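*Asks:* Have a look at this one.
The values are calculated or read from the model by the stated rules, or taken from the named source; none is laboratory data. These figures come from a predicted structure and were not determined experimentally. Here the Cβ positions follow ideal geometry from the backbone for every residue, glycine too, while neighbour counts run over all protein chains shown. SASA here: full protein model, heavy atoms, side chains in, ligands and nucleic acids out. Shrake-Rupley method; radii C 1.70, N 1.55, O 1.52, S 1.80 Å.
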Amino acid sequence: MAHAFFGGVHPNDMKAATNEKAIQQLPPPAEVVIPMSMHFGAPCTPIVKVGDHVKVGQKIGEFRGLGAPIHASISGTVKAVEPRPYSMGGSMMAVVIENDFQEELSEEVVAPADPDALTVEEMVEIVKNAGIVGMGGATFPTHVKISGGIGKVDTVLINGAECEPYLTDDHRMMLERPEEIIGGATYLARMFGVDNVIIGVEDNKQNGIDMLNKVIAAKHAPVRVQPLHCRYPQGGEKQLCQAITGKQVPPGGLPSNIGCAVFNINTTSAIFRAITKGMPMISRTMTVAGSGVVEPKNLEVPIGTPISHVFDACGGLKEGTYKLIMGGPMMGMAQYTADVPVGKGTGAMLAFCDKEEQTVEHPQCIRCGKCVAVCPVHLEPLFMYQYAEKGMVDELNEANIMDCMECGACAYACPARMHLTQMFKTGKQLVKDKAAADKAAAEARKAAEEAKAAEKEAVTK
């Protein structure tokens, strides 16, 4: 039974341009730029050098600590290992590969003899070596989520809500590759030792729901589909947990606190390909849409493909295009250049033109309270905005700003067009900077005290 989560909004889904367009395979470009950070955690260290010949699926970046390895998405010659423009701003160390168009598969890509005979530990190791991360945008390493949840998680959820406007690649995956989704979900059930996995899908994708149910019945898979009412941000993992299980994730907590683990549709499909074919994460599906795109499409794109090449495959950009957004319009990040590459978490690339810009240069809050009514995590955006604007870090902490998921529901509902989400990003950074400064000051005090004690001991002797 579907439950309701608090707050939320109902934006126009804007999916008509691509929801009936099949996923097209984008031919690999002449050159890919593969950044060494496409996951939550420290960047990978490049393990190839200029002049090396690499093959499809070959590991080119190794991680330490929290992270996931990175693989070549094409075969060819390493042209450069240097910082390049990065989707999160600034630059990031990247491996640039010149395509030889041979599509030579690496010897490292080996399919298990019998995937169904693998142990849980072997499956988790395969997921780790494949470099799979959360493809819904968070990019948290999947092997860490699985290994950390075994024995603690009793409910595994697959996020097929796809509630962001414009995005349709998850919907197309349900229609075109349901066997991969159900297969991946079945492996997740085995790894977590649960009786069944629940796929949450908004009910505006009824044909996707029907296709998944058809495959589940044919394979007698330990999976069921839960239709959900359309409401943004249904795809937020905390909201998805509440909508399906009725349980609420506590403030500052994670789905694992209520026995849940959440995986994206594309992540689940990648798990299936890794376990059955040994294929690491070297491509992903994405939606390219918006009023600035000549021919919106759903594409499967090699990791590292420049966004400019992706737009070219969609007929280019219209005159007057003023904004590029990587991700959805609610939670995506504006890009300052089309030279950034497609990463593991790039679910969409949107371009906007005409008169869609509705911002106000100096907005004034009218105290209507609509932002409070729509916040899905019970925060008070109008106060958080004031605290962030005035740099009141202690008050920001008391307002639980770090629980803000930056979903943009408050900004969408605000009649005064306050720059709420952007200010919360700033406020979060203020909190992080203050915490880092406090930690450094505490360590400095401790070092000074230890030095003073050592000096006193030396004088005594």
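*Asks:* Can you tell me which residue among Cys371, Cys353 is farther than 24 Å from His171 by Cα, open to solvent by less than 30 Å² (accessible area, probe 1.4 Å) and touching a Cys at 6+ places or on another chain (Cβ under 8 Å)?
*Replies:* So the residue among Cys371, Cys353 that is farther than 24 Å from His171 by Cα, open to solvent by less than 30 Å² (accessible area, probe 1.4 Å) and touching a Cys at 6+ places or on another chain (Cβ under 8 Å) is Cys371.
*Asks:* Out of Tyr187, Tyr166, I need the residue that is assigned to a loop (DSSP other than H, G, I, E, B) and modelled with pLDDT of 95 or more. Which one?
*Replies:* Tyr166 is the lone residue from the list that is assigned to a loop (DSSP other than H, G, I, E, B) and modelled with pLDDT of 95 or more.
*Asks:* With Leu167, Leu188 as the choices, which residue is open to solvent by 10 Å² or more (accessible area, probe 1.4 Å) and either more than 23 Å from the chain's Cα centre (by Cα) or not aromatic (Phe, Trp, Tyr) (or both)?
*Replies:* Every option except Leu167 fails the conditions.
*Asks:* Scan (1) touching a residue at least 40 places away in the same chain (Cβ under 8 Å); (2) on the phi > 0 side of the Ramachandran plot for the single condition Gly51 breaks and write down its number.
*Replies:* Of the numbered conditions (1) touching a residue at least 40 places away in the same chain (Cβ under 8 Å); (2) on the phi > 0 side of the Ramachandran plot, the odd one out for Gly51 is (1).
*Asks:* It is to be established whether one or more residues within the stretch 57-66 are open to solvent by 20 Å² or more (accessible area, probe 1.4 Å), at pLDDT 95 or above and in a loop (DSSP other than H, G, I, E, B).
*Replies:* Yes - at least one qualifying residue is present in the stretch 57-66.
*Asks:* Here is a follow-up. Can Ser147 be described as outside any helix (DSSP H, G or I), among the small types (Gly, Ala, Ser) and surrounded by 15 or more Cβ atoms within 10 Å (Cβ to Cβ)?
*Replies:* no
*Asks:* Check off (1) surrounded by fewer than 21 Cβ atoms within 10 Å (Cβ to Cβ); (2) modelled with pLDDT under 95; (3) within 24 Å of Val201 (Cα to Cα) for Gly252 and give me the number that stays unchecked.
*Replies:* Unmet for Gly252, out of (1) surrounded by fewer than 21 Cβ atoms within 10 Å (Cβ to Cβ); (2) modelled with pLDDT under 95; (3) within 24 Å of Val201 (Cα to Cα): (3).
*Asks:* Next question, about the same structure. In the stretch 95-130, which residues are open to solvent by less than 80 Å² (accessible area, probe 1.4 Å), touching a strand residue (DSSP E or B) at 6+ places or on another chain (Cβ under 6 Å) and in contact (Cβ under 8 Å) with a residue 60 or more places away in the chain?
*Replies:* Val95, Val96, Ile97, Asn99
*Asks:* Cβ-Cβ distance below 8 Å, separation of 6 or more or different chains: which pairs start in the stretch 313-341 with a residue that is open to solvent by less than 40 Å² (accessible area, probe 1.4 Å) and end on one that is aliphatic (A, V, I, L, M) and in a loop (DSSP other than H, G, I, E, B)?
*Replies:* Matching pairs, first to second residue: Ala313/Leu26; Cys314/Val294; Gly316/Val294; Leu324/Ala338; Met326/Val340; Gly328/Leu167; Pro341/Ile303.
*Asks:* Go through Ala451, Ala413 for me and flag whichever is open to solvent by less than 90 Å² (accessible area, probe 1.4 Å) and more than 26 Å from Gly236 (Cα to Cα).
*Replies:* Ala451
*Asks:* What's the number of the only condition in (1) open to solvent by less than 20 Å² (accessible area, probe 1.4 Å); (2) outside any helix (DSSP H, G or I) that Thr267 fails to meet?
*Replies:* (2)
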